[in-house]
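A.B. asks: Structure incoming, see below.
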Amino acid sequence: MKRYLLRRLGVSALLLFLILTATFFIIHVAPGDPSRLYLDPSVSLQAQARLRTALGLDKPLAVQYRQWVVQTLQGNLGVSFYYHRGVRSLLAETVPKTLLLSATALALEFGIAILAGIFAATRRGRAARGAYHGVSLFLCSIPSFWLGLILILVFSYGLGILPPSHMSDIGMEGSPWNVLRHLILPALTLAIPGAAATSRFMFKSFEEVLRQPYMLTHTLYHLPRREILFTFALKNALLPMITLFGLSLPFLVSGALITEVIFSWPGMGRLAYNAILTRDYPLIIGASLLSSFMVLAGNVLADLLYGLADPRIRHAR
Amino acid sequence: MRKFLLLMLIAGFWWGCRGETTAPAASKAGPIVVGTVGDLDTINDFISQSAFTADLVKKLYLPLFKEQSDFQDHPPTFLPGLVESGDFSPDGKILTCRLRRGAVWSDGVPITSADVAFTAKSAASPEVAWTGSDAKQFITGVETPDDATVVFKFSRRYPYQIMDVNEGVIYPLHVYGKVPFSEWHKHDFSQDRVFSGPYLLTDWRRQESYSLEGNERCVLRGPSTPWPVVFRVVPDQTSLLTQLLSHTVDVMEVIPPRDVDRVKRDPRIEVVSYPDRQYVYVGWNLKHPFLKSREVRRALSHAINVQEIVDTVWYGYAKPATGPVHSSLWAYNRNLRPFPYDPDKARALLKEQGFADTNGDGVLEKDGKPFEIEVLTNKGNAIREATLILVQNQLAKVGVKVVARPLEWNVFVQKLMGKEFDACVQGMRVPTKVDLKDTWHTTAIENGLNVISYSNPKVDALIDRARAVEDYHEAKAFLEEAQALIVDDQPFTFLYENQRLNGLNRRVRNAKMNVLSTFFNLEDWTATE
């Protein structure tokens, strides 16, 4: 197990380095750079050239790459071209805000999905199941930007009960209650389509568990139905959820971009998006580092959790 | 374990929502809330990449002079800023300025000529690489005979000397001077909040909001303290519009023209409109084998119905453009008229040039080649994209096939600067300093923004003469002639000059937005409950 873990971590570290190297070259080869954001008669080509020199972009790409590798290995992610601040401090400022939104959404997504899946799997009527399938298919097909705007329209402008944007009201920045109110709509926007899709996995898994012979045994022993469902069936039906949960971890830092833009949520997604538009190379690479790390860590974690939950997989390694 | 998880959740929640608490608003009416799509990137304009920052920084740091919006009949005049009075030497090459007595930075340190000299030095520094530094090219030296006097020396006399001196604001030597120029691009100037302007930046949350409070120590302070203003960053224009309509924000810059009627229906919101200092055009690449012909370009301009574009895309909130100088500027040639829409004349001109639809496919051909051009524009600008589609339809009617290609901004700029295009729909934002050299002079093909490769020796000579003369009346005559020649050549089809449409909640009083800036007199704005 230890050897397996070390091998996985080694491969992941190598993969992370390759991803970042590829990102470095792709963004440098892509058209434009920070000095080319201007198409203004008052900004001469000479002035643009001076800016390129000041930012170190006039050096050969190989030299820039070597500098980047050395600096990254020293734990220095550089300074943002746009914000003129350390990339690490910018990420440290925005990642918690994204995590707050995405973790809430993820918790809501899995909570709703598990309950909805169980509810649908325990219904016997065709109509109820048909309605469940129809509704869940509809919800998981909704694009999040559209759902976000509809939620704003209904709850902010129609009913006026929830704020449409930002993390807090002006002058209420320190109030957790105020933040919670602002969190509801963006978290639901992120959670609803995901919950609809995940609940279909849960439905299938729970339904299969209910068909197993040992479940019949529990029934024949006249155990209470609630105990059968939530003690014996749920435990086994949750196994596929572990994989899904592990695969959802990268979403914690990278999945909320559109929602952050619609709700003006000051998170990392917006920061990275703006970095791409302004060709802020250090910030793009910093954000890529974090996202890639989460993807790789999520995969490793999902494997480990699955191994812990299912001895057959553990032994196979 | 459950308790641990619960604690982690609470800690995570606290971590995510922690932050400084803003001071409560000075009045019951609360601060004026301005919704903005753009974010403030830094408070040092010399290293900024944002036009929005440049506008806001003028409220934090005083310039030497305050530019006025009276440039319709002459170059803009200036009111005193940090400079109380100034005189030119008889030959016009030396400007001696006396700084305002009692001017101090917000930390109480006096503002002296050393601050002005330091700012001039930083503006010229290649390590700072300020993109506006070309404005200082004729300033040969800055001297400080005493703390209250600054002397600017020029290589020659010309109409824009005060404007060039005034380009950029004045930064504090005792604060900014601690950071070597080579470190400016890496330095977080938000830690150094010492200001001289009417406002202080009191709270700054990147991607969220920034708050301005009145600076009690500003030497140009009026009888009352400026009203607190909060800028809320709302990156999505649709969300921003809904916030204006729900009165969550008081001010919104640039309302899409299609939404203006909707905004006007709200009795609490006023739509303030004034000319935007830009014109939109179709630029023809003169290296193209068909487009290098003046007659062909004139035919294309005759085929484009600008009024239809103005009515359809701008809902009437624009007017046809006539030439390369914006109609709000003193150098504008008032004798020019919009190029007439006349598709029959366009067809006739094209026929004269040897174009004919020989195979009956609706597209003209010449020398066996179809008249098919690719027209670029920047993706994401819905108005430009719609303009391009209308141009495509209108040119199709005279037998010219247009392939519309919206491109991401960086790709678009690369194609333009590399001259790898047939034509483009683009906007030209014009500074109040009229100089046609960077766009229309032959030398600007290699060293400037003459991306269409326009070259007319007569126009070059007129531009050079306009730049060389000392008197603006003389310069105007040369510039008017140059405009007439350019319009005659039609290297651009000049489309329209649009209005800037801002939404303003009527609770905000005394706001005078104008062609120079939405926030021209921000320090005079007040609000009611």
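The values are calculated or read from the model by the stated rules, or taken from the named source; none is laboratory data. Quantities reported herein were computed from a predicted structural model and do not represent experimental measurements. Glycine gets a Cβ as well: all are built from the backbone with ideal geometry, and neighbour counts include every protein chain shown.
A.B. asks: Output the number of the condition that B:VAL272 fails; it satisfies all remaining conditions of (1) away from chain A (no Cβ under 11 Å); (2) touching a helix residue (DSSP H, G or I) at 6+ places or on another chain (Cβ under 8 Å); (3) touching a residue at least 40 places away in the same chain (Cβ under 8 Å).
C.D. replies: The failed condition is (2).
A.B. asks: Turning to a different aspect of this structure: What residue, among those in the range A:36-50 that are at pLDDT below 75 and assigned to a helix (DSSP H, G or I), is farthest from B:GLN278 (Cα to Cα)?
C.D. replies: Top of the filtered list is A:ARG36.
A.B. asks: Tally up the residues in the range B:383-426 that are closer than 27 Å to A:ILE27 by Cβ and either away from every other protein chain (no Cβ under 14 Å) or part of a strand (DSSP E or B) (or both), please.
C.D. replies: Residues flagged as closer than 27 Å to A:ILE27 by Cβ and either away from every other protein chain (no Cβ under 14 Å) or part of a strand (DSSP E or B) (or both) within the range B:383-426 amount to 6.
A.B. asks: Show me the strands (runs of 3 or more DSSP E) found entirely inside the range B:65-160 where at least 2 residues are within 14 Å of chain A (Cβ to nearest Cβ) and of a type in the set (Gly, Ala, Ser).
C.D. replies: Those strands (runs of 3 or more DSSP E) do not exist here; none qualify.
A.B. asks: While we're looking at this one, here's another question. If you go through the range A:4-12 one residue at a time, do you hit one that is touching a Gly at 6+ places or on another chain (Cβ under 9 Å), among the aromatic types (Phe, Trp, Tyr) and under 25 Å from A:SER292 (Cβ atoms)?
C.D. replies: For the range A:4-12, residues touching a Gly at 6+ places or on another chain (Cβ under 9 Å), among the aromatic types (Phe, Trp, Tyr) and under 25 Å from A:SER292 (Cβ atoms): present.
A.B. asks: Continuing with this model, one more query. Only residues that are more than 23 Å from the chain's Cα centre (by Cα) and not acidic (Asp, Glu): list them for the range B:473-485, please.
C.D. replies: Within the range B:473-485, B:HIS473, B:ALA475, B:ALA477, B:PHE478, B:ALA482, B:ALA484, B:LEU485 qualify.
A.B. asks: Still on this structure, I have one more. Return a yes/no flag: does the range B:54-76 have any residue that is crowded, with 16+ Cβ neighbours inside 10 Å, at pLDDT below 95 and touching a His at 6+ places or on another chain (Cβ under 7 Å).
C.D. replies: No, the range B:54-76 contains no residue that is crowded, with 16+ Cβ neighbours inside 10 Å, at pLDDT below 95 and touching a His at 6+ places or on another chain (Cβ under 7 Å).
A.B. asks: Find the residue count for the range B:50-62, including only residues that are without any contact (Cβ under 8 Å) to a residue 24 or more places away in the chain and under 22 Å from B:GLU183 (Cβ atoms).
C.D. replies: 3
A.B. asks: Name, by its number, the condition in (1) at pLDDT 95 or above; (2) outside any loop (DSSP other than H, G, I, E, B) that does not hold for B:TYR171.
C.D. replies: Result: B:TYR171 passes all but (2).
For every residue, the table says whether it meets (1) charged (D, E, K, R); (2) within 12 Å of chain B (Cβ to nearest Cβ); (3) surrounded by 17 or more Cβ atoms within 10 Å (Cβ to Cβ); (4) in a helix (DSSP H, G or I).
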residue: A:TYR157; (1), (2), (3), (4): no, yes, no, yes
residue: A:SER168; (1), (2), (3), (4): no, yes, yes, no
residue: A:GLY171; (1), (2), (3), (4): no, yes, yes, no
residue: A:TRP177; (1), (2), (3), (4): no, yes, no, yes
residue: A:LEU185; (1), (2), (3), (4): no, yes, yes, yes
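A.B. asks: Of everything in the range B:175-199, what is away from chain A (no Cβ under 12 Å) and surrounded by fewer than 22 Cβ atoms within 10 Å (Cβ to Cβ)? Give them in sequence order.
C.D. replies: Of everything in the range B:175-199, those that are away from chain A (no Cβ under 12 Å) and surrounded by fewer than 22 Cβ atoms within 10 Å (Cβ to Cβ) turn out to be B:VAL175, B:TYR176, B:GLY177, B:LYS178, B:PRO180, B:ARG193, B:VAL194.
A.B. asks: While we're on this one: Give the number of residues within the range B:430-458 that are more than 8 Å from chain A (Cβ to nearest Cβ) and either without any contact (Cβ under 8 Å) to a residue 40 or more places away in the chain or not aliphatic (A, V, I, L, M) (or both).
C.D. replies: 16
A.B. asks: Continuing with the same structure: Evaluate the following for B:ARG232: is it within 14 Å of another protein chain (Cβ to nearest Cβ) and farther than 30 Å from B:ILE389 by Cβ?
C.D. replies: Criteria met by B:ARG232.
A.B. asks: Can you say whether B:ILE445 is modelled with pLDDT of 90 or more and in contact with a Ser or Thr (Cβ under 8 Å, 6 or more places away or on another chain), as far as the supplied structure shows?
C.D. replies: yes
A.B. asks: Return only the number of the condition from (1) buried (at least 20 other Cβ atoms within 10 Å of the Cβ); (2) acidic (Asp, Glu); (3) not in a helix (DSSP H, G or I) that B:ASP438 does not satisfy.
C.D. replies: Single failed check for B:ASP438: (3).
A.B. asks: Anything in the range A:133-146 that is free of Cβ contacts under 8 Å to residues at least 60 places away in the same chain, in a helix (DSSP H, G or I) and over 17 Å from A:ILE112 (Cα atoms)? List them, or say none.
C.D. replies: A:TRP146, the sole residue that qualifies.
A.B. asks: While we're here: Would it be correct to say that A:ALA92 is within 25 Å of the chain's Cα centre (by Cα) and more than 10 Å from chain B (Cβ to nearest Cβ)?
C.D. replies: When the stated conditions are applied, A:ALA92 passes them.
A.B. asks: Residue pairs, Cβ under 6 Å, 6 or more apart or interchain, first in the range B:338-358 and under 23 Å from B:GLY368 (Cα atoms) and part of a helix (DSSP H, G or I), second at pLDDT 95 or above and small (Gly, Ala, Ser). List them.
C.D. replies: B:ALA346/B:ALA299; B:ALA346/B:ALA303; B:LEU349/B:ALA299; B:LEU350/B:ALA299
A.B. asks: Mind listing whichever residues of the range B:467-493 are surrounded by 20 or more Cβ atoms within 10 Å (Cβ to Cβ) and free of Cβ contacts under 8 Å to residues at least 40 places away in the same chain?
C.D. replies: Across the range B:467-493, the qualifying residue is only B:PHE478.
A.B. asks: Looking only at the range B:1-53, filter to residues that are away from chain A (no Cβ under 12 Å) and part of a loop (DSSP other than H, G, I, E, B); which one of those is modelled with the highest pLDDT?
C.D. replies: Per the stated criteria, the residue is B:ALA29.
A.B. asks: Look at the range B:273-304 and say how many of its residues are out of contact with any Gly (no Cβ under 8 Å at 6 or more places or on another chain) and closer than 30 Å to B:ASN510 by Cβ.
C.D. replies: Result for the range B:273-304: 5.
A.B. asks: May I ask you to say which residue of A:PRO224, A:PRO213 is surrounded by fewer than 17 Cβ atoms within 10 Å (Cβ to Cβ) and either over 23 Å from A:ALA116 (Cβ atoms) or hydrophobic (A, V, I, L, M, F, W, C) (or both)?
C.D. replies: A:PRO213
A.B. asks: Within 30 Å of B:ASP435 (Cβ to Cβ), among the aromatic types (Phe, Trp, Tyr) and in a helix (DSSP H, G or I) - does that describe any residue in the range B:177-193?
C.D. replies: Yes: the range B:177-193 contains one or more residues that are within 30 Å of B:ASP435 (Cβ to Cβ), among the aromatic types (Phe, Trp, Tyr) and in a helix (DSSP H, G or I).
A.B. asks: Continuing with the same structure: Can you go through A:LEU304, A:LEU216, A:LEU229, A:LEU247 and tell me which one is touching a Ser or Thr at 6+ places or on another chain (Cβ under 8 Å) and assigned to a helix (DSSP H, G or I)?
C.D. replies: Testing whether each residue is touching a Ser or Thr at 6+ places or on another chain (Cβ under 8 Å) and assigned to a helix (DSSP H, G or I) leaves just A:LEU229.
Conditions tested, residue by residue: (1) part of a helix (DSSP H, G or I); (2) basic (Lys, Arg).
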{"residue": "A:ARG52", "(1), (2)": "yes, yes"}
{"residue": "A:GLY56", "(1), (2)": "no, no"}
{"residue": "A:VAL69", "(1), (2)": "yes, no"}
{"residue": "A:LEU108", "(1), (2)": "yes, no"}
{"residue": "A:ARG124", "(1), (2)": "no, yes"}
{"residue": "A:ALA131", "(1), (2)": "yes, no"}
